[in-house]
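The values are calculated or read from the model by the stated rules, or taken from the named source; none is laboratory data. All values derive from a computational prediction rather than experimental measurement. Please note: Cβ atoms are built from the backbone with ideal geometry, for glycine as well, and neighbour counts cover all protein chains shown.
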């Protein structure tokens with residue numbers, strides 16, 4: 001035996017149930033900690049996030065260009081990590097900042113707060129935001145809760161919980177709005193992953209032949225499940241990519257808009273969307289779709305931002321983020337032409353085995369400029 | 001935020017507690033499944049193990065060159081995985097084989113058994129061996145339970161449990177014996193990892209300066225904990241390596257011998273050993289230690305093997321295994337000469353956060369040929 005904790009190809013793919021596709025069980029807190037929160041207890045991981053200049057600049061500007069939201073106010077930072085957003089809130093003039101962190105990173109946050117002479121303002125509380133209690137309601141909830149394609153990690157659930165329990169009726173959310181985007185793309189990743197898959201299968205057939213000839217066991221019956229496993233890994237699992245804007249071959253479309261002040265868990269547990277995108281490049285190949293998000297810091301209607309700030313993770317020549325984009329590939333790319341219309345149906349729901357991972361069902365109907373239907377397909381992807 | 005399920009550098013390092021070094025909690029079965037067993041539910045992982053020819057040949061020969069132990073007998077395979085050992089046992093003439101597997105890999109094992117026309121002999125049972133019940137005691141327990149440096153994964157606990165509950169008093173263990181080995185080595189890995197560590201720290205200092213100048217937060221207080229985290233990762237974590245025998249610079253020593261018929265959990269929960277090794281190479285550098293294991297298939301005294309088989313994971317020019325060796329490096333290698341004597345004290349215990357991972361404490365006293373003491377050190381390592 002030999003298990004790999006540090007993740008073989010799929011070693012990190014953790015399942016809370018027997019993996020047999022049973023109905024979703026209630027979240028086991030200990031399992032959730034072991035699978036999810038523990039990642040955030042490492043400084044190298046905090047450093048990765050703190051090194052993302054697009055992310056940092058957006059939050060920094062959102063806070064310091066909107067000091068009126070912070071000056072003399074109470075703030076709650078959900079998932080403070082190293083404590084950076086709590087510290088900025090205090091530096092922008094907050095009277096009191098509650099910085100909640102589930103992992104032992106809380107100790108480091110506390111040290112950082114003290115070293116920056118803000119321990120009289122920032123109070124670091126170790127615990128899940130669902131479990132802790134505050135002595136007062138707050139004027140601002142600030143949080144950096146976004147995962148790949150916005151909703152992976154399902155951390156916004158915790159922000160909703162914090163908002164419903166601790167935000168004053170007049171309170172402001174930082175960020176205040178969020179959007180998910182989808183666009184058709186070209187990418188040689190599709191061919192590469194198809195090659196990887198084919199290679200894995202060729203390798204399997206050699207392996208199977210060898211086991212038969214050397215060890216007298218016929219492995220053929222496992223060929224199909226092995227192919228399914230490999231297909232899920234190489235083809236169906238969304239891939240991190242830093243797309244170039246030139247890889248986008250049609251109009252990007254918004255598949256979800258969210259007002260952080262009013263959003264509910266049920267509206268993000270399953271995201272359903274029907275949108276259309278028009279190919280705007282001559283004779284190209286539809287190799288798949290890119291998914292990303294942006295968030296806005298607009299304050300609230302009655303108490304707007306003085307300076308509206310946006311954090312976008314869209315493909316960009318200069319401004320890549322650690323989130324990149326999620327790419328959903330087609331193992332057999334499709335030739336398309338300018339003006340072709342894609343009707344896209346997207347259903348994104350949470351994985352039954354792990355509520356922080358996602359399943360995406362994509363329906364696509366392609367029509368020519370003339371309106372003549374050309375081709376349609378339906379694919380399932382996994383955001384792991 | 002962005003968590004990495006597929007393991008960033010240390011993403012897979014999972015903790016069952018808050019990571020704050022609290023005392024070891026009782027094992028949470030769901031957490032254990034999510035962290036450990038799930039790895040074994042992937043066919044690609046089974047394929048990796050089935051492709052290890054040294055491993056396969058040893059078990060294959062152990063079974064088929066000792067058919068007297070299997071012919072007409074009842075067998076229990078603990079952690080059958082794909083079912084290969086159970087199938088071989090049946091092919092070698094077993095009357096009945098119970099093949100126990102905790103993960104959904106049990107379904108694939110069942111299919112494989114059927115495809116090889118052995119479903120009248122091999123019964124696949126999905127469950128932990130601690131939880132299941134058999135209708136009879138067995139003549140043979142066969143299992144491939146070995147982890148890195150033998151004991152990582154702590155799977156032998158399950159074999160002991162199975163043995164004490166289900167093995168007949170006259171029963172035989174496959175394998176029957178096991179040994180852990182340690183040897184001084186030279187390796188440029190020590191320098192490389194030291195460089196990696198230095199690079200990570202240089203990177204941290206740049207990062208820290210930037211955060212200060214761009215974002216007004218002083219990160220200095222986190223420099224020490226970051227260094228500790230990185231040291232643990234780069235220097236103190238044992239590394240997988242396929243050592244060349246020429247890298248061994250002193251006599252390999254046995255730090256633990258185990259009779260699988262009588263071994264107890266308490267004797268493997270903590271392994272303590274004092275051994276000595278003599279440098280047998282002229283003017284060289286002690287860069288660390290290599291740890292590996294071997295197991296023997298000898299039957300039992302009253303019912304010995306007809307053909308004794310050994311499976312070794314020692315450094316070899318030709319016969320590497322998927323286990324390789326575990327390397328414990330010294331970040332500052334020490335010059336040693338032929339005849340220098342190393343007194344080695346080893347204590348290997350289980351990680352408080354995860355009983356399947358190990359902590360190794362190594363004490364080393366170096367004496368010259370003349371007996372004159374030269375240097376001594378004490379290091380802690382982690383087998384993750």
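Summed over segment A:140-154, the residues that are buried (at least 23 other Cβ atoms within 10 Å of the Cβ), in a strand (DSSP E or B) and within 14 Å of another protein chain (Cβ to nearest Cβ) give a count of 3.
In segment B:217-239, is there at least one residue being part of a strand (DSSP E or B), within 14 Å of chain A (Cβ to nearest Cβ), at negative phi and touching a strand residue (DSSP E or B) at 6+ places or on another chain (Cβ under 9 Å)?
First, the residues of segment B:217-239 that are part of a strand (DSSP E or B): B:237, B:239.
Among the residues that remain, those that are also within 14 Å of chain A (Cβ to nearest Cβ) are: B:237, B:239.
Cutting the leftovers down to at negative phi gives us B:237, B:239.
Then keep just the ones that are touching a strand residue (DSSP E or B) at 6+ places or on another chain (Cβ under 9 Å); that gives B:237, B:239.
Yes, there is a match, as at least one residue in segment B:217-239 is part of a strand (DSSP E or B), within 14 Å of chain A (Cβ to nearest Cβ), at negative phi and touching a strand residue (DSSP E or B) at 6+ places or on another chain (Cβ under 9 Å).
Here segment B:1-37 is the region considered, the condition is being modelled with pLDDT of 50 or more and surrounded by fewer than 19 Cβ atoms within 10 Å (Cβ to Cβ), and the residue that is farthest from residue B:79 (Cα to Cα) is B:4.
Give just the number: which of (1) touching a residue at least 40 places away in the same chain (Cβ under 8 Å); (2) surrounded by 13 or more Cβ atoms within 10 Å (Cβ to Cβ); (3) within 30 Å of residue B:174 (Cβ to Cβ) does residue B:267 not satisfy? If we test residue B:267 against (1) touching a residue at least 40 places away in the same chain (Cβ under 8 Å); (2) surrounded by 13 or more Cβ atoms within 10 Å (Cβ to Cβ); (3) within 30 Å of residue B:174 (Cβ to Cβ), just (1) comes out false.
Yes or no: residue A:137 touching a helix residue (DSSP H, G or I) at 6+ places or on another chain (Cβ under 8 Å) and facing another protein chain (nearest Cβ under 10 Å)?
On the way: touching a helix residue (DSSP H, G or I) at 6+ places or on another chain (Cβ under 8 Å): yes; facing another protein chain (nearest Cβ under 10 Å): no.
No: the conditions fail for residue A:137.
Among the residues of segment B:203-216, is there at least one that is touching a residue at least 12 places away in the same chain (Cβ under 8 Å) and either buried (at least 23 other Cβ atoms within 10 Å of the Cβ) or in contact with a strand residue (DSSP E or B) (Cβ under 9 Å, 6 or more places away or on another chain) (or both)? Checked segment B:203-216: no residue is touching a residue at least 12 places away in the same chain (Cβ under 8 Å) and either buried (at least 23 other Cβ atoms within 10 Å of the Cβ) or in contact with a strand residue (DSSP E or B) (Cβ under 9 Å, 6 or more places away or on another chain) (or both).
Among the residues here, residue B:244 does not qualify as out of contact with any helix residue (DSSP H, G or I) (no Cβ under 9 Å at 6 or more places or on another chain) and within 11 Å of chain A (Cβ to nearest Cβ). Scoring residue B:216 on the criteria (1) within 20 Å of the chain's Cα centre (by Cα); (2) over 20 Å from residue B:330 (Cα atoms) leaves a single failure, condition (1).
Of the set (1) out of contact with any strand residue (DSSP E or B) (no Cβ under 8 Å at 6 or more places or on another chain); (2) under 22 Å from residue A:154 (Cα atoms); (3) in contact (Cβ under 8 Å) with a residue 60 or more places away in the chain, all apply to residue A:257 but (1). Put simply, of A:85, A:151 the only residue that is modelled with pLDDT of 95 or more, within 29 Å of residue A:325 (Cα to Cα) and assigned by the TED database to the domain that holds residue A:49 is A:85.
If you go through segment A:178-194 one residue at a time, do you hit one that is over 30 Å from residue A:245 (Cβ atoms) and either surrounded by fewer than 21 Cβ atoms within 10 Å (Cβ to Cβ) or at pLDDT 95 or above (or both)?
no
If the condition is being within 8 Å of another protein chain (Cβ to nearest Cβ) and either assigned to a loop (DSSP other than H, G, I, E, B) or modelled with pLDDT of 85 or more (or both), then segment A:38-52 contributes A:40, A:41, A:42, A:43, A:44, A:45, A:47, A:48, A:49, A:50, A:51.
Checking each residue in segment B:247-275 for being touching a helix residue (DSSP H, G or I) at 6+ places or on another chain (Cβ under 8 Å) and either closer than 25 Å to residue B:337 by Cβ or assigned to a loop (DSSP other than H, G, I, E, B) (or both) picks out B:260, B:261, B:263, B:264. What are the residues in segment A:155-172 that are buried (at least 19 other Cβ atoms within 10 Å of the Cβ) and farther than 30 Å from residue A:354 by Cα, if any? Within segment A:155-172, A:171, A:172 meet the criteria. The C-beta contact set for segment A:21-37 (first residue more than 10 Å from chain B (Cβ to nearest Cβ), second residue surrounded by 15 or more Cβ atoms within 10 Å (Cβ to Cβ) and modelled with pLDDT under 85, distance under 9 angstrom, 6+ apart or interchain) comprises A:23/A:17; A:24/A:16; A:24/A:17; A:27/A:16. One residue stands out among those in segment A:81-96 that are assigned to a loop (DSSP other than H, G, I, E, B) and within 12 Å of another protein chain (Cβ to nearest Cβ): the one that is surrounded by the most Cβ atoms within 10 Å (Cβ to Cβ), which is A:83. Among the residues making up segment A:160-203, those that are in a helix (DSSP H, G or I) and closer than 12 Å to residue A:141 by Cβ are A:160, A:161, A:162, A:163, A:164, A:165, A:166. In segment A:357-384, the residues that are free of Cβ contacts under 8 Å to residues at least 12 places away in the same chain form Cβ pairs under 7 Å with partners that are in a strand (DSSP E or B), at six or more places apart or across chains, as follows: A:373/A:365; A:373/A:367. Only one of the numbered conditions (1) under 19 Å from residue B:64 (Cα atoms); (2) in contact with a helix residue (DSSP H, G or I) (Cβ under 9 Å, 6 or more places away or on another chain); (3) free of Cβ contacts under 8 Å to residues at least 60 places away in the same chain is not met by residue B:77, and that is (3).
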